[in-house]
Amino acid sequence: MKRRGMWMGLLVFSLVCLLAIPCLAQRGVTKDTIKLGLILVKTGPVAALGLPNGNGMVDYLQYLNDQGGVAGRKIEVIWEDDSFEAPKSVAALKKLISRDNVLTVITTGGSQQTMANLENINQYKLPNIPNALMKEFYDPFQPYIFAMGATYEAQYETIVDYIFNDLKEKNPRIGVVYEKKEYGIKSMEAVRKRAKAYGVDLVSELVLPTGAVDASSQVLGFMNDKVDYVVTCLLLPPTITFVKTAEKYNYWPKHIFGFNWATDDMLVKACGGAAKNYIGVNFVGAWGDDSPGIKLAREIAQKYNRTDISLTSLYINGVGVSWLFGEAFKRAGKDLTPDSLKAALETLREYSTGGVFPPVTYTSKSHAPGEMVKFFKADVANKRLVAITDWRKPKEMK
Amino acid sequence: MTSGFLYFMQLFASGIAVGCLYALIALGFVLIIKATDILNFAHGEIIMISAMICYFLMAKYQFSFLTAVLITIVIAALMGVLTERLVLRPMLGEPIFAVVMITIGLSIFLRSLAGITFGHDNYVFPSPFPKEPIHLAGITLSMTQIWVMVSTALLVIIFFIFFKYSRMGLAMRGTADDQETALLMGISTKRVFAMVWGIAFVTAAIAGISLANVMVVNIGLTFTAISAFPAIILGGLESIPGAIIGGLVIGVIENLVGGYLDQAIGGGVKDVTPFVVLFLILMIKPYGLFGKEEIERV
Amino acid sequence: MVIRSKTFRESYYEDIKLFQTVWIRVWIFLFLILLATLPLWGNPYVIYLINLSCIAVVAALGLNLLIGYTGQISLAHAAFIAIGAYTTAILSSKVGLPFWACLFASGGVAAAIGFGLGIPCLRLKGLYLAMATMSFGVVLENVLITWDKLTGGVRGINVAKISLFGYPLDSDSKIYYFLLVITVLVILGIKNLVRTRVGRAFIAIRDRDIAAEVMGVNITAYKVMAFTISSFVAGIAGGMYGYTMGYIHPEHFTLLLSIQYLAMIIVGGLGTILGSIFGAVFIILVPELIKGIARFSELLIPALKGKYNEEWNIAAFGLLIMIFLIFEAGGLHGIWGRIKTSFKNWPYTY
C-alpha cells in the first residue's frame, strides 16, 4: 500500500514537472517561422460564422507561405475553438501564450470574448483585430486592438442617410426589427437617433430573436403600421426568416435594409425573389466584385479547395484581416516582436486591400476603423449581391 | 369587418399556425414523459437532425419531398428504438436524475455529431409548397402554415385512434398508468418503451421537417425545443391533449402580445410572455392545466 | 474486550465527524499543500483553469444543496450567479466597496431574491418546479438586458480590480489564492451545514416530504431556507466569477449554464460534497484535457493533421458523460466509492 502511494506520488510529481517546463525562447518568432494564435468559434451553432471567417484567415496566410513566406519566415497558425464562450476564450488565450508561445493572437473572438480578454491583450501585448465592431475597442484608445470595420452605429447612420439623401424621402415611415443582443440594441438606438436628427420618429420597433419559429407578428405589425422602410438589425438566419415571411404575406416595403452580418450572397440565394427589395451595407466587398482584392480572395478559395463557402462575406473578411497582418509582417521586417508588429500596423496610411476592405489607416494615436461601408443590392437572377455605391461614411450632421 | 378586427384575426390565425409547431414539438416530450417520466433533453437534437436529413435527401440526393419525409421518419423511428436500446435500457431502474443526465449527455453528443456530419452552414429548405398565400375571408395564410396545421391535426387523430383502439396503444397506456401491473398483465414493457421512443422521435422528425419549412436549417434549430417548454407545462406534463392545447394557447398569446403589446411597450415582451404565463399558471395550478395530480402516500 | 474494525462507530457523533479517519486529514492536508504551491509550478493556463474550477465548485455546491440534499430541482442557478456577479460589478465599480463587502452583498442580494422565488415555488415539485425556475432565469436575463442604466445592458459591465487591504490582486496566481480560500471556506461551511439539524431536515424533505412533515420538520421553512442558502452560495460564486473575468455580460448566464451546473452535480454525484467537487472539476477540466489529447495525437499521427474536427472533442465529452453514468449511476462519487472499497477490502475485492 505505502509503496504504491509513493510511486503514485512520484508519477504525479514528474507529470507536474513536465507541465511546468517554461519556454525560454523569444515569443513566437524564430529565424524561419512565425507562430500565430487565432481564437474563433468552431463548434456549436455560432460556428456557421466562425468557420468561414477563420478559414479565410488561415487560407490567406497559407497563400503567403506558398508565395515564399514573409521576410523568409513561414507562418504557422494555431486555431483554438472557444465555443463562443468568454471563459473558454480567455482559457484559450492563456494556453496560446503559455503553452504554444505564440507571437500574437490575431483575433480573440467576438465582442464579449475580446472584452473579457482585454486585460490579457494589454498585459501580453497582443496586437489583434477582433472579429467584432465595438466602439469600446478604440474609444478610449486601446494600444493593441486594431478595429476592423465600421461600427454598427456608423453602418446604420449611413443607411438612414441613404433613405433621406439618395432616396430623397421627406417623411418616410421607418420600422426597425432588431434582436435583443449587443448588435441589435446598439443598431436600433443608432437608427432611432439618426432618424430623429432628420426630424422623423420611428413608426415601429419590434424584436425578433434568432431562434424565433416565426416572424408573422412582426410582419403583420409593420403592415398594420404601413411601414415603407424596414431596417433589420438581425443576423442572417432571422433576416431570411423575416424576408420570407414578408413575402408570404405579400408585404413589399419599398426597401428592406440590413447590416454587415446579414449582407451576404447567402441571403439572395436563400430568399430568391423575396430579396428583390433588400439593400444591405457591408465593410467588405461582395464575392462577385471585380476588384483585384476580391479576385485574389476567390483565387485563394479555389486554390485551397473551399468549394462551397456558405458565408462568403465572412471569408473575405478573414482574408482581409490576414492581409493586414501579412503587410504588417512585411513592414516589421526581420526584427519581429509584438511591439514592432504594433508599430508596423500603425504605419498603414490609406492602405488599399484592393476592394476587400475600405482604405485602412492606423496611427499611433488612433486605431479607429474607417467607418466606411458600401451599399449592396440583391441581383436575384444571378443569386448574388452587387455594389450600388462606392465606399461612403455617415454624413457630418450639424 | 373593420381593419382592427381583421388585424386581430390575422394575428390569431398565424398564432394558431405557430402554436401547431409548438404542439408538435411538445407532443414528443409528453409521450416520453408520460411513459417513462424522463424529460428528454436530446429532443431538440432529434428535431434538428431530422430536418438536416430531410434537407440533404432533397437537396443532395434529389429525392422528392414525400419520399424524403418517409425516409426521414423511418430513420427517426430507428434512432428512437436504438436510443432506447443502447442508452436508456441500461439505465432501467436507476435514479431518474441519472437518466435525465444521460439525455443531456446524448444531446451534447448528437449535436456535435450533427456538426461533423452536416456541417455548420445555414441551409434553406427547398419548400415543396406553393409560395402564393391563400386568402380566407380576408385572412392571409401561407400554404406552409396550412400544411403544418393539417399535419398536426392528422397526427392527433392518428394518435387518438392508436391509443384508443390498437393493442399496442392500449399496452402503452397501461404501462404509463402502472408499470408493475402492466408487467403482471403480460405486457412487454421493454417493447413498449422502445415503441414510445420510436414514436416520440417520429413526432420530432415531423416537427423538424415542419420547422425546416419556415426557418433556416442549421444547428441552432435544436434550441427551438426550449421554446416549447411553456407549452408542455401549460398543458400538464403527462397529457397529450394538454400538449396540443398548451402549444396552441402559447402560440396565440405570443402572437397577440407581439402584435399589440410589443408595439406599445417595446423591448421584446413577446419572448418573455410565454414564460411569465407559465409561471403564473403554475402558481394557480401546480400540475399545469391537465396534468396528473399525484396523490402521495407515506 | 472489543475488537474494532476500521469503520466501527459507537456514537452518532462519530458518524458525522468532519474527517472520518486520520488518513483523510493527512491526504487533505497534502492536497492543500499541493494546491497552495500551484502558482510556483503551474503556468497561467493551468492556474486559470483551476480558478474556473474553484468558481464552479462553489456554484455546484450551492446547487447540490438545493437539488442533491433537498430534492428541489432548480434551473435558475445561472440566474442567481448572474445576480451575484452583477451585484459585485455594480458595487465594486460604481460604489467602490471593498471585496468582502461586495461578496457578502452579492450573496445577500441573491439570497433575498432566492427567498422571494422560494415562496411561490413551495407548491411545485419535480419538473414543474424546474420549469418555473427556468422561466425565472429567462425573465432575469431580459431584465439584465433591459435595465441598462444599472447593468450596462448589452454593453456589459466592468468589474473593478480586487484589492486586499490596499494590495492589488492583479494576476491569475494572486486571484487564485483568493478564490481558493473562499472555496475552502464554502466547502467547510456546507459540509458543516449538512451534518446539523438543518441538513438532516433537508435530506428528510428530499426522501419523502410528507413523512418529514409528519415527523415535525417544518417543510415550508426548510424549503425556503434551502432556496435562500443555495442562492446565497450562488451569489458568492457570481462575485468570484465577476472578479475573475473582470467583465460580465448578460449572455454569460444563460439557461445552458444552469444545465451545465446541473450536469456537474449529477455527474459528480447528487447529495455529496465530494461529488460536487468532482463534478465541477470534471466539467471544467475534461474538455480541455480532451483538447490536449487530441492535439497530442495529431502530433503523433500526422495523417490526422488538418482533417481533425473540433466537434469530436465535444462529442467525446458527451459520450464520456453517458458512459460514466451507465457504468455508475451514482456519478463520479459512486465510482470513487467503488475504487476506495476495492482498495480497502483488498485482496477480498469482488
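Things to note:
- Selection status of B:R191, away from chain A (no Cβ under 14 Å), more than 21 Å from the chain's Cα centre (by Cα), charged (D, E, K, R) and part of a helix (DSSP H, G or I): yes
- Restricting segment B:123-151 to residues that are in a loop (DSSP other than H, G, I, E, B) and in contact with a strand residue (DSSP E or B) (Cβ under 6 Å, 6 or more places away or on another chain), the residue that is nearest to A:E247 (Cα to Cα): B:P133
- When residues in segment B:1-16 are screened for being farther than 12 Å from B:I244 by Cα and either touching a helix residue (DSSP H, G or I) at 6+ places or on another chain (Cβ under 7 Å) or crowded, with 24+ Cβ neighbours inside 10 Å (or both), 6 of them pass.
- Every residue from segment A:188-221 that is of a type in the set (A, V, I, L, M, F, W, C) and at positive phi: none
- For segment C:34-60, filtered to residues that are of a type in the set (A, V, I, L, M) and free of Cβ contacts under 8 Å to residues at least 60 places away in the same chain, the residue that is farthest from C:V286 (Cα to Cα) is C:L40.
- Residue in segment C:53-62 that is under 23 Å from C:V138 (Cα atoms), of a type in the set (S, T, N, Q) and touching a Leu at 6+ places or on another chain (Cβ under 7 Å) present: no
- Condition met for C:I190 (farther than 29 Å from C:Y12 by Cα and either outside any strand (DSSP E or B) or away from chain A (no Cβ under 14 Å) (or both)): no
- Residues of segment A:72-83 include at least one that is buried (at least 21 other Cβ atoms within 10 Å of the Cβ), more than 14 Å from chain B (Cβ to nearest Cβ), over 30 Å from B:M48 (Cα atoms) and in contact (Cβ under 8 Å) with a residue 40 or more places away in the chain.
- Counted residues, segment B:30-43 - those being more than 10 Å from every other protein chain (Cβ to nearest Cβ) and at pLDDT 90 or above: 5
- Restricting segment B:116-145 to residues that are among the aromatic types (F, W, Y) and either at the interface with chain C (Cβ under 9 Å from one of its Cβ atoms) or more than 24 Å from C:M322 (Cα to Cα) (or both) leaves a set whose member that is surrounded by the most Cβ atoms within 10 Å (Cβ to Cβ) is B:F125.
- Of the numbered criteria (1) modelled with pLDDT under 95; (2) under 21 Å from the mean Cα position of the chain (by Cα), the one C:A101 fails is (2).
- Screening B:I295 on (1) surrounded by fewer than 19 Cβ atoms within 10 Å (Cβ to Cβ); (2) in a helix (DSSP H, G or I); (3) over 15 Å from the mean Cα position of the chain (by Cα) shows it passes everything except condition (2).
- Matching entry among C:S276, C:S258 (being closer than 28 Å to C:V58 by Cβ, within 12 Å of another protein chain (Cβ to nearest Cβ), part of a helix (DSSP H, G or I) and touching a helix residue (DSSP H, G or I) at 6+ places or on another chain (Cβ under 7 Å)): C:S258
- Taken over segment A:185-211, residues that are of a type in the set (G, A, S) and facing another protein chain (nearest Cβ under 8 Å) amount to 2.
- The criterion of being under 22 Å from the mean Cα position of the chain (by Cα), among the hydrophobic types (A, V, I, L, M, F, W, C) and more than 13 Å from chain C (Cβ to nearest Cβ) holds for A:L126.
- Filter result (facing another protein chain (nearest Cβ under 7 Å) and under 14 Å from B:W197 (Cβ atoms)) within segment B:91-115: B:M91, B:I102, B:L106
- Subset of segment B:198-227 (residues that are over 25 Å from B:P126 (Cα atoms) and within 14 Å of chain A (Cβ to nearest Cβ)): B:I226
- Flag for C:I47 being within 25 Å of C:R206 (Cβ to Cβ), part of a helix (DSSP H, G or I), of a type outside the set (F, W, Y) and touching a Leu at 6+ places or on another chain (Cβ under 8 Å): no
- Scanning segment C:222-255 for residues that are surrounded by fewer than 24 Cβ atoms within 10 Å (Cβ to Cβ), within 20 Å of C:G199 (Cα to Cα) and either within 12 Å of chain A (Cβ to nearest Cβ) or among the hydroxyl-bearing types (S, T, Y) (or both) yields C:Y222, C:T228.
- C:G153 passes every criterion in (1) within 14 Å of chain B (Cβ to nearest Cβ); (2) touching a helix residue (DSSP H, G or I) at 6+ places or on another chain (Cβ under 7 Å); (3) at pLDDT 90 or above apart from (3).
- Within segment B:239-279, if we keep just the residues that are farther than 21 Å from B:G4 by Cα, facing another protein chain (nearest Cβ under 10 Å) and assigned to a loop (DSSP other than H, G, I, E, B), the residue that is farthest from the chain's Cα centre (by Cα) turns out to be B:G267.
- Lone qualifier among C:Y13, C:Y45 - being modelled with pLDDT under 90 and either of a type in the set (F, W, Y) or within 18 Å of the chain's Cα centre (by Cα) (or both): C:Y13
- Applying the criterion of being in contact with a Lys or Arg (Cβ under 8 Å, 6 or more places away or on another chain) and in a loop (DSSP other than H, G, I, E, B) to the residues of segment A:221-262, the residue that is surrounded by the fewest Cβ atoms within 10 Å (Cβ to Cβ) is A:K226.
Listed here are the residues, each with its yes/no results for (1) closer than 25 Å to B:V74 by Cα; (2) at pLDDT below 90; (3) crowded, with 24+ Cβ neighbours inside 10 Å.
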site: B:A182; (1), (2), (3): no, yes, no
site: B:S188; (1), (2), (3): yes, yes, no
site: B:A194; (1), (2), (3): yes, no, no
site: B:A205; (1), (2), (3): yes, no, yes
site: B:L221; (1), (2), (3): yes, no, yes
site: B:A228; (1), (2), (3): yes, yes, yes
site: B:G258; (1), (2), (3): no, yes, yes
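- Check on B:T83, at pLDDT 90 or above, surrounded by fewer than 14 Cβ atoms within 10 Å (Cβ to Cβ) and hydroxyl-bearing (S, T, Y): no
- Residue in segment B:151-161 that is surrounded by fewer than 19 Cβ atoms within 10 Å (Cβ to Cβ) and farther than 21 Å from B:G19 by Cα present: yes
- Pairs linking a residue in segment A:358-381 that is at pLDDT below 90 to a residue that is of a type in the set (K, R), with Cβ atoms under 7 Å and 6 or more positions apart or on different chains, are A:E371/A:K393.
The values are calculated or read from the model by the stated rules, or taken from the named source; none is laboratory data. Note that the coordinates shown come from a computational prediction; the quantities given were computed from them, not determined experimentally. Heads up, the Cβs are rebuilt from the backbone with ideal geometry, glycines too, and the neighbour counts pull from every protein chain shown.
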